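A short worksheet on the structure shown next.
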Amino acid sequence: MCSYCGCDSIEVIGRFMAEHVEIINATGVLRAAVHSGDPGALASARGVVAELLWPHTVAEEAGLFRVMAQDEVYAGHIATLCGEHVTLGDLLAALTPGDDAAMMTFEDALRDHIDKEDNGLFPAAAIALDGPQWIEVHATTPHSHDGGAPHVHAAATDHDHHGPGAVARVTA
Ligand SMILES: [Fe+2]
Ligand SMILES: [Fe+2]
């Protein structure tokens, strides 16, 4: 985790980094649930990860990613990260009881994605964005618990545009 440049002192980045820790912790529970072979334990643990992951990725894309992508220097990398959000949804949805290899694939992809943000994009944002851009980021980033998550999951029943939909169907 980046602890060198102070980017975690920026409100929205500090929040995203803290959410990464929560997501990784929930993934440890998920790994144990997959290994147990218990379908109920897997469904429960997958639901917990999904409830943390999708509000997080939606918030990233709505605020910070959207503003950074306005600079062509970052647009390609942002598109890659958004694609990984979808892939993570597919990998999470594909987990089955006892399939430790699939769990390892999901966890490796998740950790790699988080590393790209914590140690790549977030420090870059701290340098690249100016004051008005940070104001725009904060103004367009949904809060963690302001109803954004239920909206995403409810919408998933008739939308198929994003990873949350795939996971919501599995965990519903
Ligand atoms: Fe992300
Ligand atoms: Fe993230």
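Any read-out appearing in this document is the output of simple, stated calculations on the displayed coordinates, not a laboratory observation. Owing to the predicted nature of the structure, the values given are computational and were not obtained by experimental measurement. Using ideal geometry, Cβ is built from the backbone for each residue, glycine included, and neighbour counts are taken over all protein chains shown.
With θ set to phi - 60° and the Karplus curve 6.51 cos²θ - 1.76 cosθ + 1.60, what are the ³J(HN,Hα) couplings of segment 50-63 in order, to the nearest whole Hz, using x for Gly and Pro?
Once θ is set to phi - 60°, the couplings for segment 50-63 become 4, 5, 8, 6, 6, x, 5, 5, 5, 5, 4, 6, 6, x Hz.
So, with +1 on the Cβ of K and R and -1 on the Cβ of D and E, and no other charges, what is the size of the charge dipole of segment 1-142 about its Cα centre, to the nearest 20 debye?
Dipole magnitude for segment 1-142 comes out near 180 debye.
Hey, what do the phi angles of segment 24-30 turn into as Karplus ³J(HN,Hα) couplings, whole Hz, using 6.51/-1.76/1.60 and θ = phi - 60°, x for Gly and Pro?
Rounded to whole hertz, the list is 5, 4, 5, 5, x, 5, 4.
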